[in-house]
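A single structure is presented below for examination.
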Amino acid sequence: MADEETTIRLIRVDDAEVIAAHRARDRRAYAAWEPAQPDEFYTAAGQRRRIETLLGEHDRGERWPAVILAGGEVVGQVTVSTILRGPFRKGFLGYWVASAFDGRGHATRAVGRILTVMARELGLHRAEAHTRMDNLASQRVLRANGFRPWGIAHAHIHLDGAWHDEVFWERTLDDAPSS
Ligand SMILES: CC(C)(COP(=O)(O)OP(=O)(O)OC[C@H]1O[C@@H](n2cnc3c(N)ncnc32)[C@H](O)[C@@H]1OP(=O)(O)O)[C@@H](O)C(=O)NCCC(=O)NCCS
């Protein structure tokens, strides 16, 4: 399983159904790690509307929203958001992999692939990410992709009914993987 193929591509409206199914299945399991969402987020119709919004932001150069594929099957999402140009040339990274597919290296490889997109396609210079202090799996993913922690933001994110501290991560992209 460890060398199972992982690819990414831009999200499409017809990904809505499978994404809604994954997110509905993991709604409780990922409550500690992912922001609370309205009920419609867990439906295909709600995801279709959301993906249309994401693609509009992509068209405006604000976001690069991708799905993660394992052997052609959608298993998660990886997104560059808050893309800043001018003197910053940076983007913020977020990702999830459905619990049915986790622990197989998909997030680690997908983050590697989107770093290549950020450097080569988007011409960005820097990537940033946040993780909860206790999200050790996500921290492994970032470390494996060359990110380093640079600070702690206290009571930074409200998840599962409480405020949580987060680690801030950074990586410059001058040495991003080439494929
Ligand atoms: C975090 C998440 C993206 C990881 O996806 P994944 O495909 O399982 O990740 P990978 O298999 O590429 O790597 C996971 C790493 O974490 C490690 N890991 C898993 N659970 C762990 C735990 N409880 N403690 C420490 N390490 C853990 C794995 O061993 C692996 O490290 P390794 O490659 O050095 O062995 C996935 O679990 C997820 O979507 N979680 C919910 C949403 C989320 O947390 N998103 C990130 C928000 S910052």
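The values are calculated or read from the model by the stated rules, or taken from the named source; none is laboratory data. Note that the coordinates shown come from a computational prediction; the quantities given were computed from them, not determined experimentally. Note that each Cβ is placed from the backbone with ideal geometry, even for glycine, and that neighbours are counted across all protein chains shown. Protein only, heavy atoms only, side chains kept; ligands, DNA and RNA dropped before computing areas. Shrake-Rupley method; radii C 1.70, N 1.55, O 1.52, S 1.80 Å.
Loop only per DSSP, at most 11 neighbouring Cβ atoms within 10 Å: give me the GluC sites (Glu not before Pro) in the range 1-90, ordered by residue number. List each step's numbers first, then the result.
Working: sites: 4, 5, 17, 40, 52, 57, 62, 73; in loops: 4, 5, 62.
Here the GluC sites (Glu not before Pro) that fit, given the DSSP loop and packing criteria, are 5.
Of 53, 108, 82, which has the largest mean-square fluctuation in a 10 Å C-alpha GNM of the chain?
53
Check which residues have an amide H placed less than 5 Å from residue 75's amide H, if you skip close sequence neighbours.
68, 69, 70
Moving on to the next point. How large is ³J(HN,Hα) for each residue in the range 24-30, as worked out from phi by the Karplus curve 6.51 cos²θ - 1.76 cosθ + 1.60 (θ = phi - 60°), to whole Hz, x for Gly and Pro?
For the range 24-30, the Karplus curve yields 5, 4, 9, 3, 6, 4, 9 Hz.
Additional query: HN-Hα J couplings of the range 72-89 from phi, Karplus 6.51/-1.76/1.60, θ = phi - 60°, integer Hz, Gly and Pro as x?
Working through the residues one at a time gives x, 9, 6, 10, x, 9, 9, 9, 9, 10, 6, 6, 10, 9, x, x, 9, 6 Hz.
A follow-up question, please. Give the distance, in whole Å, between the Cα centre of the range 101-119 and the Cα centre of the range 63-88.
10
Here's another thing I want to ask about it. What number comes out for the charge environment of residue 26, summing +1 per Lys or Arg and -1 per Asp or Glu over other residues with Cβ under 14 Å away? Walk me through the intermediate numbers first.
Details: positive: 23, 25, 27, 28; negative: 34, 102, 160.
That sum, taken over residues with Cβ under 14 Å, equals +1.
Now for a different question. Counting only residues 5 or more places away or on other chains, whose amide H sits under 5 Å from the amide H of residue 157 once H atoms are built in the peptide plane?
Answer set, sorted by chain and number: 164.
Quick one: plug the Kirkwood hydrodynamic radius of the range 6-127 (C-alpha pairs) into Stokes-Einstein at 20 °C, 1.002 mPa s, and report D in µm²/s.
On the way: Rh = 14.7 Å.
Here the translational diffusion coefficient equals 145 µm²/s.
Also, I was wondering about something else. For the chain, which whole-number percentage of the solvent-accessible area (1.4 Å probe, protein heavy atoms only) is attributable to carbon and sulfur atoms? List each step's numbers first, then the result.
Working: 4750 of 9140 Å².
With neighbouring chains kept in place, the figure for the chain is 52 percent.
Could you state the accessible area per residue of the range 1-124 in Å², with a 1.4 Å probe and every protein chain left in place?
On the way: 6020 Å² over 124 residues.
Per residue, the range 1-124 has 49 Å² of solvent-accessible surface.
So what's the net charge close to residue 78: Lys and Arg +1, Asp and Glu -1, counting the other residues with Cβ under 11 Å from its Cβ? Write down the numbers at each step before the final one.
Values: positive: 9, 109, 113; negative: none.
Once positives and negatives cancel, what remains is +3.
A further question on this structure: Tell me the trypsin sites (Lys or Arg not before Pro) within the range 9-95 that lie in a loop according to DSSP and have at most 14 other beta-carbon atoms within 10 Å.
Working: sites: 9, 12, 23, 25, 27, 28, 48, 49, 50, 60, 63, 85, 89, 90; in loops: 12, 27, 28, 60, 63, 85, 89.
Within the range 9-95, the qualifying trypsin sites (Lys or Arg not before Pro) (loop, at most 14 other Cβ atoms within 10 Å) are 12, 28, 60, 85.
Tabulate in residue order the Karplus-calculated ³J(HN,Hα) for the range 40-45, using 6.51 cos²θ - 1.76 cosθ + 1.60 with θ = phi - 60°, rounded to whole Hz; enter x for Gly and Pro.
5, 4, 9, 10, 4, 5
Note the direction-averaged projected area, equal to a quarter of the hull surface, for the Cα convex hull of the range 121-179, in nm². Please list the in-between numbers first.
Numbers: hull surface 19.3 nm².
That works out to 4.8 nm².
Which residue fluctuates most in the GNM of the chain (Cα springs below 10 Å): 137, 155, 98?
Comparing 137, 155, 98 in the GNM, the peak value goes to 155.
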